[in-house]
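Right, I'll just put the structure down here and ask away after.
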Amino acid sequence: MNVAAPGARRRASHTGLYAFLCSVIMFFGAFTSAMVVRRGASNDWKGIPAPDLLWVNTGILALSSVAVEKARRHLREGNRKNFNIAWSTASLLGALFIAGQILVWKDLRAAGVFLNSHPGSAFFYVGTVAHAAHLAGGWIAMAFLNWQALRWTLGPGKRTAVDVASIYWHFLGLLWVYLLWLFRFWGN
Amino acid sequence: MLLPLVIWATAVLVAASFAIKRWWFPAPINAHAASFDSIFSVNLLIMGVIFFVAQALLGWLIWKHRDRGQQARHSEGSTRLEILWTSITLLLFVGAGLASTGLWYEVHLSALADAGLKIEVAAKQFAWSFRYPGPDGKFGKTDIKLVNDAAGNPFGIVENDPAGKDDIVSSALRVPAGRHVQLLLQSRDVIHNFFVRELRIKQDLVPGMTIPFRIRADKPGEYEIACSELCGLGHHQMRSVLVVVSQQDYDTWLRRQAAQR
Amino acid sequence: MAAPAGRPKVTNMNHGFLRRYLFSTDHKTIGLQYITLSIFAAFVGIALSVLMRFHLVYPESRWRLLETLWPDGAPGGVMTPELYLSLMTMHGTIMVFFLLTTVPQGGFGNYFLPLQIGAADMAFPRLNMLSFWTTFLSFVVLCAAFFVEGGAPLAGWTAYPPLSAVGQIAGPGQGLGQTLWVLSIALFCIASLMGAINFITTTLELRTRGMSLLRMPLTCWGWFTTAIISLFAFGVLLAGGVLLLLDREAGTSFFLPAGLMINDKLLANKGGSPLLFQHLFWFFGHPEVYIAILPGMGAVSTILATFSRKPVFGYRAMIWAMLIIGFLSFVVWGHHMFISGMSPYSSIAFSLLTVTVGVPSAIKTFNWLGTIWGGSLRLTTAMLFALGFVSVFISGGLTGLILGQPALDSYFHDTYFVVGHFHMIMGVATVFAAFAATFYWFPKMRGRMMNETLGRIHFYLTFIGVYAIFIPMHFAGIAGNPRRYADFAQFDFLKDLSFLHKATTHAAFFTAAVQLLFLFNFLWSWWKGPKAGQNPWHATTLEWTLPSPPPEENFGHNPPQVHRGPYDYSLPGAPKDFLMQQEER
């Protein structure tokens, strides 16, 4: 309760993050129900494109989450050097995931699958781009922390920032798994 | 101490202006509209009494407890009262809601012995068209590419389909009195709404859907059809008429129309 | 995310003009920015409605001003139907989003939530600033629609596709104007979500010592519940907006079915569902009504208690009622769609849930009456508006029970009955609460009192005015008059209703003019009002323990210790008729 008490900021950051996650869940919830309704509304459903490259991207994103967890453990132990290595790895893998998604979109376009080709392709692009946009936001926070960490200006008070960024990153990982399930299995 | 007087005067004026029924529903032309009117009256009476009592009480409390230097009574509330008025309003409101469910069920869900006459209704920005299957009782095939309003083919009836040869297209909705009519509502562009005041019902016409909608008019006469869902700049002029005639006149009209085709 | 304001912040009084007044992170400045934006938006919205009402009653009259403003929309000074519909669309959008959603939460909520819970600022001050400027940008983008080719959109504030999704061929304003509308709403969603996150975090984490949840003033409960509703509702509207934008700009078919022929042109779309948009829109749209009114309910409860010198009757029941309203608001959206072509069975379910929302609303009304019952009523302008709120809330709420029944709504849907209903319950009630809040808190925000005589005149004329505007609309609705008609000349049955429309229009002119009294009072009092003390109303909540206006750092290094609930008025045996929350006795 005491606003001046230590830990108030940390708690506030976490509460704010969880509130934000609720709104993201509502957005993707609306997206999902739109997809269910749209699929049932008409007989032009042709499945959802889900290239195999998505598995590679999923692996990359999973690895980046593992790296994030490793980094947090190093930070708790006070091992700043190892933290920097793990966190940098996670940032790099995050960038690689986004690059991989861009590659997926390029491949689909090359194969003639566009946003307005059929309902499945429309939902695929909207879902993946919305996810990537959220992920890019998380990645910017991650990269900012990384930059501070590499310049050794990441103070001990930044534990909260690292934790919040990590939770958000894991959440986006889970969200991705959910979307992948929707696209690969539910949609076809 | 103007406020109680203003609140009371407002409540009296509002209640009186409802009571005189100067601007009111048109006369009902079937049993459904008559039941609608009686259910509405009951609702209006309940809401009117609550309205009047609540406003009168509000004014009275303001008057009685105006500041005359008296000490306010400290009271944090009363669980018994909360339970009392919660249960009363719950019963009253849900009761009112349930009471009108039958009327809704009757129009939209009940099965009919008489399959009735089928008429297609097509709406576009900003006109109505109605199609009758003609003497053969069958609608001809349509193709959206053949739609041509200028050539009198707003439905896009396929020329060489024999079932369509005798189809009748009209810009007014003519129905026989006392019979169930199954309207098949379609729109080719945006959402419109089929509303006839005297029938007390309305239904959206949604592009991409064919919505069956049942009507029955008992009293012969002409009644205006008004679009009641915003459809663009000509929304206010999207008008047609429902012409209710005797079965005999209807049959004559149908024969004459079919002969003209 | 910006750093939370856990510790007392350093005052930035020595910042330059930009940081102090424009890009301030101080919740009080941001609150005032929201209030200013809302007042401006309200007068724009009023002006649009006056033009609309004028046209409805005098459709043939030529008005040079109109031609100057809209050369295409009013050639020769006569308003075209498309201009009428675009004014209507903009009136609705501006009023719903930039007045009714903005002033209760963004304005008063921002200013007073931290003060009432004893915090130094909102949890994320920079995010707070970002929300305001995003809202502002959203407003600018919306207004820009007036100035682009084709003008403002004409699809109404509900923007149903296909009308809103097929572009210019469906009418002028459906081109770039409608695109700007969608963009503006998307920005507004983002701003509201940022605001909601801030309000929730602030309420949960920044309460001062002793301020348990059940010691919070009902205003805070109102803002808190509203923030939770916003958090769950705006994300869904955002999703709907994104899909609508893609249907418009990228050729997708989320909402556009096959075989659409608009203006004799066959479109290539396939398989979309127009009803899908309505579901997404109203899943947001119904909770939106409560987003507008809940903060007002909180403020009215507080103001009634203060000026009755009595605790709020049934404090806990009031909280429960708000939370139940918040929950139910998410399961009743279908009552906007009874006649839309969705399953008639679901209409019955939605209907029963809808009439159930009447119950917590009735509980609140009973408790307001209980609050003034046995009190010692001081009829200040704030109190008059709070009591007026109760009156219009009853009047507007009861018609909702009629509209909530699908069999009856089958007649009333999209008639003036609905227009009268929602203006009364959502518009007038919320605005009355906002007026009450303005008169109540102006002394705190500015350190000066508003003029009571002018305030009373403004209240009485407005009270009579709104009934005179909106009650005749109910009769037009009972006679079957459809809403959103630019002209009543085409239908025989509408000709009989001209008296009603004349009455409404003249009452609207009158009431609109009366609002200038408020504007004058506000501005005059801002500079010239007599000095207010720290606690002119002898109120109990924490903001009244600070000087007026409060210092930038609020409570600074001494956050108060709270000892009691928010409404300890007329406690038996107490030395004075109120005990403030931080007083031990």
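Suppose each label sits 7 Å from its Cα in the direction of the beta carbon; what would the C:Arg19-C:Ala513 distance come out to in nanometres?
4.9
A further question follows. So if R0 is 30 Å, what FRET efficiency would B:Lys138 and C:Ala349 give, r being the distance between their Cβ atoms, rounded to the nearest 0.05?
0.20
Now for a separate question. Would you work out which of B:Ala111, B:Ala72, B:Leu57 lies farthest towards the positive end of the dipole of region B:48-123, given +1 charges on the beta-carbon of Lys and Arg and -1 on that of Asp and Glu, about the Cα centre?
B:Ala72
With the alpha-carbon atoms as the only input, what is the per residue convex hull volume for chain B in Å³? Please report the intermediate quantities before stating the final value.
Working: hull volume 47.2 nm³, N = 261.
Roughly 181 Å³ of hull volume per residue.
Same structure, new question: Where only protein heavy atoms count, and the probe is 1.4 Å, what is the accessible area per residue for chain C in Å²?
Using a 1.4 Å probe on heavy atoms only, each residue of chain C averages 29 Å².
Another one. How do C:Val562, B:Val169 rank by accessible surface area computed with a 1.4 Å probe, from largest to smallest?
The ordering from most to least exposed comes out as B:Val169, C:Val562.
How big is Rg to Rh over region C:503-566, alpha-carbon atoms, Rh as the Kirkwood inverse-mean-distance radius?
In region C:503-566, Rg relative to Rh is 1.22.
Oh, and also: Give me the one-decimal Kirkwood hydrodynamic radius in Å for region B:65-153, with the sum taken over alpha-carbon pairs.
20.5 Å is the Kirkwood radius here.
Shifting gears a bit: Collect residues whose amide H, placed 1.01 Å from N in the peptide plane, falls under 5 Å from the amide H of B:Cys227; neighbours closer than 5 in sequence don't count.
For B:Cys227, the qualifying residues are B:Met238.
Hey, another quick one. List every residue whose amide H lies under 5 Å from the amide H of B:Ile201, counting only residues 5 or more places away in sequence or on a different chain, with H placed 1.01 Å from N in the peptide plane.
B:Val196
Using a 1.4 angstrom probe on the protein heavy atoms only, could you order A:Val36, A:Val162 from most to least accessible area? Could you put the intermediate results ahead of the total?
Details: A:Val36 80, A:Val162 0 Å².
From most exposed to least exposed: A:Val36, A:Val162.
Quantify how strongly other chains surround peptide B:102-109 by giving the mean number of their Cβ atoms within 10 Å of each of its Cβ atoms.
The shielding value for this peptide is 5.
Now for a separate question. Rounded to the nearest 20 debye, what is the charge dipole size of the protein assembly as shown about its Cα centre when +1 sits on each Lys and Arg Cβ and -1 on each Asp and Glu Cβ?
2820
Counting heavy atoms of the protein chains only and a 1.4 Å probe, report the per residue accessible area for chain B as a whole number of Å².
45
What ranking do C:345-357, C:270-282 get when scored by the average of other Cβ atoms within 10 Å per residue, highest first?
C:270-282, C:345-357
Ballpark to the nearest 100 Å², how much total accessible area do C and A bury together, probe 1.4 Å? Intermediate results must be reported in sequence, preceding the final value.
On the way: alone 22820 and 10040 Å², together 29880 Å².
Answer for the C-A pair: about 3000 Å² buried.
Loop-only trypsin sites (Lys or Arg not before Pro) in region C:19-124, please: DSSP not H, G, I, E or B, and at most 14 other Cβ atoms within 10 Å.
C:Arg62
Within 10 Å of each candidate Cβ there may be at most 11 other Cβ atoms; applying that plus a DSSP loop requirement, which chymotrypsin sites (Phe, Trp or Tyr not before Pro) in region C:35-117 survive?
On the way: sites: C:Phe40, C:Phe43, C:Phe54, C:Trp63, C:Tyr84, C:Phe97, C:Phe98, C:Phe108, C:Tyr111, C:Phe112; in loops: C:Trp63.
Listed in order of number, the matching sites amount to none.
Once you have all Cα-Cα distances for region C:389-543, histogram them in 10 Å bins from zero and send the whole-percent values.
10, 32, 27, 17, 11, 3, 0
Using a 10 Å cut-off on Cβ to Cβ distances, tally the other chain neighbours for every residue of C:481-494 and report the average as a whole number.
The mean count of partner-chain Cβ atoms within 10 Å per residue comes to 5.
Using alpha-carbon pairs under 8 Å, 6+ residues apart, how would you state the relative contact order of chain A in percent?
30
Find the eigenvalues of the gyration tensor of the Cα atoms of chain C, then list the square roots of 5 times those eigenvalues as equivalent ellipsoid semi-axes, largest first, in whole angstrom.
On the way: eigenvalues 318, 134, 118 Å².
Those come to 40, 26, 24 Å.
Sequence neighbours fewer than 8 away in the same chain don't count; with that in mind, list the lysines whose C-alpha is under 30 Å from B:Lys21.
The reachable lysines, counting only those whose Cα sits under 30 Å from B:Lys21, are B:Lys202, B:Lys219, C:Lys495, C:Lys502.
Further question: Test of the criteria: in region C:515-585, which GluC sites (Glu not before Pro) are in a DSSP loop and have at most 12 other Cβ atoms within 10 angstrom of their Cβ?
On the way: sites: C:Glu543, C:Glu552, C:Glu553, C:Glu583, C:Glu584; in loops: C:Glu552, C:Glu553, C:Glu583, C:Glu584.
Within region C:515-585, the qualifying GluC sites (Glu not before Pro) (loop, at most 12 other Cβ atoms within 10 Å) are C:Glu584.
To the nearest 0.05, what FRET efficiency results for A:Val56 and A:Ala136 with a Förster distance of 22 Å applied to their C-beta separation?
Working from the Cβ atoms, E equals 0.70.
Given the -39500 (n - 2.57) contribution per DSSP H run of 4+ residues, what per-residue ellipticity at 222 nm results for chain C, rounded to the nearest 500 deg cm²/dmol?
-19500 deg cm²/dmol
Next question, about the same structure. Determine which aspartates and glutamates satisfy two conditions relative to C:Lys364: a Cα distance under 12 Å, and not lying fewer than 8 residues away in the same chain.
B:Glu82
To the nearest 0.05, how large is the calculated FRET efficiency for B:Thr252 and B:Thr210 if R₀ is 41 Å and r is the Cβ-Cβ distance? List each step's numbers first, then the result.
Working: r = 29 Å, r/R0 = 0.72.
Between B:Thr252 and B:Thr210 the formula returns 0.90.
Continuing with the same structure: Bin width 5 Å, origin at 0, all Cα-Cα pairs of region C:126-184: what percent of pairs per bin?
5, 21, 26, 18, 12, 8, 6, 3, 0
Would you mind getting the Kirkwood hydrodynamic radius of region B:115-259 from its Cα pairs, rounded to one decimal in Å?
15.4
For chain B, what relative contact order do you get, as a whole percent, if you take Cα pairs closer than 8 Å and at least 6 residues apart?
Answer for chain B is 19 percent.
Once you average over the residues of B:41-47, how many Cβ atoms of partner chains fall within 10 Å of each Cβ?
3
Turning to a different aspect of this structure: Am I reading the B/C interface right? What is its buried accessible area, both sides, 1.4 Å probe, to the nearest 100 Å²? Before the final figure, lay out the partial values.
Numbers: alone 16210 and 22820 Å², together 30250 Å².
Counting both chains, the buried surface is close to 8800 Å².
Magnitude of the Cβ-charge dipole of region B:115-259, K/R +1 and D/E -1, about the Cα centre, nearest 20 debye?
It works out to roughly 280 debye.
Oh, and also: I need to check one value: relative contact order of chain C, counting alpha carbon pairs closer than 8 Å and at least 6 residues apart, in percent.
For chain C, the relative contact order is 15 percent.
If you place +1 on the Cβ of every Lys and Arg, -1 on the Cβ of every Asp and Glu, and leave all else neutral, what size is the dipole of chain C about its Cα centre, to the nearest 20 Debye?
Numbers: 33 positive and 25 negative charges, 325 e Å.
The dipole magnitude comes to about 1560 debye.
Give the accessible area for C:Leu328 in Å² (nearest 10); use a 1.4 Å probe, count only protein heavy atoms, and leave out ligands, DNA and RNA.
20
With unit charges on the beta carbon (Lys/Arg positive, Asp/Glu negative), name the residue among C:Gln534, C:Ser548, C:Phe518 whose Cα is farthest towards the positive pole of the charge dipole of region C:442-585.
Highest projection toward the positive end goes to C:Phe518.
Send over a whole-number figure in Å² for the accessible area per residue of region A:1-139, probe 1.4 Å.
For region A:1-139, the solvent-accessible area averages 44 Å² per residue.
Would you mind getting the Kirkwood hydrodynamic radius of the protein assembly as shown from its Cα pairs, rounded to one decimal in Å? Could you put the intermediate results ahead of the total?
On the way: mean 1/r = 0.0326 Å⁻¹.
Across the protein assembly as shown, the inverse of the average 1/r is 30.7 Å.
Could you work out how far apart the two model spin labels at B:Leu112 and A:Leu96 are, taking each label as a point 7 Å from the Cα in the direction of the beta carbon, and quote it in nm?
Output for this residue pair reads 6.7 nm.
List, in the order given, every pair from B:Lys124/B:Lys165; C:Lys528/C:Lys576; B:Lys64/C:Lys576; A:Lys81/A:Lys106; B:Lys165/C:Lys270; C:Lys444/C:Lys576 whose Cα-Cα distance in the structure shown is over 27 Å.
As for pairs spanning more than 27 Å Cα to Cα, those are C:Lys528/C:Lys576; A:Lys81/A:Lys106; B:Lys165/C:Lys270.
Right, something else. Compute the helix-to-body angle for C:344-372: its Cα long axis versus the longest principal axis of chain C, expressed 0 to 90° and rounded to tens.
The helix C:344-372 is inclined about 30 degrees to chain C.
Same structure, new question: Which Cα, out of A:Ser91, A:Leu103, A:Leu180, lies furthest along the positive dipole direction of region A:55-186 (beta carbon charges, K/R +1, D/E -1)?
A:Ser91
The values are calculated or read from the model by the stated rules, or taken from the named source; none is laboratory data. Only a predicted model underlies this, so the values are computations on that prediction, with no experimental measurement involved. Cβ sites come from the backbone with ideal geometry, for glycine too, and all protein chains shown count toward neighbours. For accessibility, only protein heavy atoms count, side chains too; no ligands or nucleic acids. Shrake-Rupley method; radii C 1.70, N 1.55, O 1.52, S 1.80 Å.
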